[in-house]
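Visitor: Dropping a structure here in structure tokens format, bear with me for questions.
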Amino acid sequence: GHLLASYSEEKLNNTAIVLADEALLLPVLYSLPPNVIQANVTMGVTLGSFAATTFFELLLKVHLNVSHSFYYKTVISLLHHPLARHLLSHPESIVATISNQNIAYISLEKLMATAHESDREVVKVLFGPWNNQSEIALQNCRFLLRKLKELTEARPIEKLVWYQLDEVFHRILVLSHSCAFLNELSSIYSLFMALAPSVSLDFEGDAYNGLQIMGVLETRGLDFENIIM
């Protein structure tokens, strides 16, 4: 990131980042400096690689067991997740209450009373009763994604992930209307766990302009003035 920040636009147009390990793609994308206006990614990355996907995996898993209260470790895991920082303005107030009062199981009523006023709508969606109904679960997940997409300060890559997750939930919702076995939350959870890792993100870019990011195999037959390995 520091190296690219010193490059002019012309130099960036003649530069390629070559990643020997494809797992480095996400750290690289999050490290691009503001002067990188255009980037073309020719490597595949799946939806399952992103933190937002693990958040919804955890959320669905929380509601698999129908209960009127939630184990404190589960609640704290959700609230400590990076995505919770986007959805809630003061998640630390709930965590502090659980810690200070040594609460093992916490109810929705207690969570609502502890939450900041501006966070109560989202807290109700996160921890309200889903009653093992797939439609409620899918509508709630899509509601959370709509809230996330309203955030203007999010990075473009995050917005793309949220859009693709919404598409996955929409596809499952359409299937649930025609398949009776998808009425239960356990089926929705299994289908989401199967679909999310298989969805590949397509990054829009220009192969002739901007910074080029690729794997070793994609470099065949190409030539650049500057190579960052």
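The values are calculated or read from the model by the stated rules, or taken from the named source; none is laboratory data. Note that the structure is predicted; figures quoted are calculated from it, not measured. All Cβ positions, glycine included, derive from the backbone under ideal geometry; neighbour counts span all protein chains shown. Side chains are part of the model used for accessible areas, which takes the heavy atoms of the whole protein and leaves out ligands, DNA and RNA. Shrake-Rupley method; radii C 1.70, N 1.55, O 1.52, S 1.80 Å.
Visitor: Looking only at the range 57-113, how many residues end up being of a type in the set (A, V, I, L, M) and under 23 Å from the mean Cα position of the chain (by Cα)?
Guide: Result for the range 57-113: 15.
Okay, residues lined up against (1) more than 25 Å from residue 9 (Cβ to Cβ); (2) in contact with a strand residue (DSSP E or B) (Cβ under 9 Å, 6 or more places away or on another chain):
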site	(1), (2)
186	yes, no
192	yes, no
200	yes, yes
207	no, yes
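Visitor: For the range 14-41, name all the residues that are aliphatic (A, V, I, L, M), in contact (Cβ under 8 Å) with a residue 60 or more places away in the chain and exposed (fewer than 13 other Cβ atoms within 10 Å of the Cβ).
Guide: Hits for the range 14-41 are 20, 37.
Visitor: If I filter the range 185-203 for residues that are in a strand (DSSP E or B), of a type in the set (A, V, I, L, M) and either open to solvent by less than 30 Å² (accessible area, probe 1.4 Å) or within 16 Å of residue 41 (Cα to Cα) (or both), do I get at least one hit?
Guide: yes
Visitor: Here is a list: 171, 142, 155. Which entry is at negative phi, in contact with a Phe, Trp or Tyr (Cβ under 7 Å, 6 or more places away or on another chain) and touching a residue at least 12 places away in the same chain (Cβ under 8 Å)?
Guide: Of 171, 142, 155, the one residue that is at negative phi, in contact with a Phe, Trp or Tyr (Cβ under 7 Å, 6 or more places away or on another chain) and touching a residue at least 12 places away in the same chain (Cβ under 8 Å) is 142.
Residues are listed down the side, and each one gets a yes or a no for (1) over 30 Å from residue 37 (Cα atoms); (2) touching a helix residue (DSSP H, G or I) at 6+ places or on another chain (Cβ under 9 Å):
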| site | (1), (2) |
| --- | --- |
| 115 | yes, yes |
| 141 | yes, yes |
| 148 | no, yes |
| 156 | no, no |
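Visitor: Got at least one residue in the range 88-97 being in contact with a Leu (Cβ under 9 Å, 6 or more places away or on another chain) and of a type in the set (D, E, K, R)?
Guide: yes
Visitor: From the list 181, 224, 192, which one is among the aromatic types (Phe, Trp, Tyr) and touching an Asp or Glu at 6+ places or on another chain (Cβ under 8 Å)? Full working, then the answer.
Guide: On the way: 181 fails: touching an Asp or Glu at 6+ places or on another chain (Cβ under 8 Å); 224 fails: touching an Asp or Glu at 6+ places or on another chain (Cβ under 8 Å).
Of 181, 224, 192, the one residue that is among the aromatic types (Phe, Trp, Tyr) and touching an Asp or Glu at 6+ places or on another chain (Cβ under 8 Å) is 192.
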